[in-house]
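So the structure is just underneath, and the comments pick up after that.
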Amino acid sequence: MAKSGELLLGQYQATVTAKGRLAFPKKLRQLLGSRIIITRGYDSCLLAMSYGEWEKMTRQLGNHLPIWEASRETSRFLFGNAAEIIFDKQGRFILPPHLRRYSQIKDKVIFLGLNRYVEIWDARRWQRYQQYLSRNIKSISEKLTHE
């Protein structure tokens, strides 16, 4: 879990090897701790979070009955695709092939620190998404006032 008072912030770039090995940025790793869960995210990126944040999300989703279709589908999407990251001594890990395919990660990735979790994007896809955000952030932000 991120240390009290410290937020996960910023962008970090890394390179994926042909076998799917990737170095998790040291600053983010230090804040998240040694047990990190990775799963599918929305917008075809990946989500990585501390085990403590994962447990919080699990409890929140666990309050929804499996008789509800949206609850089942969200659980399948997040939990059915999750994996615990196992780091080597240099902070590298193997990105599971099913997550690499889902996120369309090729060779360069961007790690985004987003307060309590990290998103992992294929670098080209992130660049295109940033252009979309730049063009639309005003209308996107206005939607928050109506939620």
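The values are calculated or read from the model by the stated rules, or taken from the named source; none is laboratory data. Not measured: the values here are computed from a predicted model. Because the Cβ atoms are built from the backbone with ideal geometry, glycine has one as well, and the counts that use them run over all protein chains shown.
When residues of the stretch 49-80 are filtered for being under 12 Å from I37 (Cα atoms) and aliphatic (A, V, I, L, M), how many remain?
The number of residues fulfilling the criteria is 3.
Quick check on my filter: what residues within the stretch 31-64 are in a helix (DSSP H, G or I), surrounded by 14 or more Cβ atoms within 10 Å (Cβ to Cβ) and polar (S, T, N, Q)?
Scanning the stretch 31-64 gives S44, T58.
Kindly provide the set of residues from the stretch 81-126 that are of a type in the set (S, T, N, Q), closer than 15 Å to I38 by Cβ and either assigned to a strand (DSSP E or B) or at pLDDT below 95 (or both), ordered by number.
Answer for the stretch 81-126, where residues must be of a type in the set (S, T, N, Q), closer than 15 Å to I38 by Cβ and either assigned to a strand (DSSP E or B) or at pLDDT below 95 (or both): just N81.
Please go through the stretch 45-66 and give me each residue that is modelled with pLDDT of 90 or more and more than 28 Å from Q127 (Cα to Cα), ordered by number.
Y51, G52, E55, K56
Starting from residues that are charged (D, E, K, R) and within 25 Å of F24 (Cβ to Cβ), keep the ones in the stretch 65-98 and report whichever is surrounded by the most Cβ atoms within 10 Å (Cβ to Cβ).
Among those that are charged (D, E, K, R) and within 25 Å of F24 (Cβ to Cβ), it is R92.
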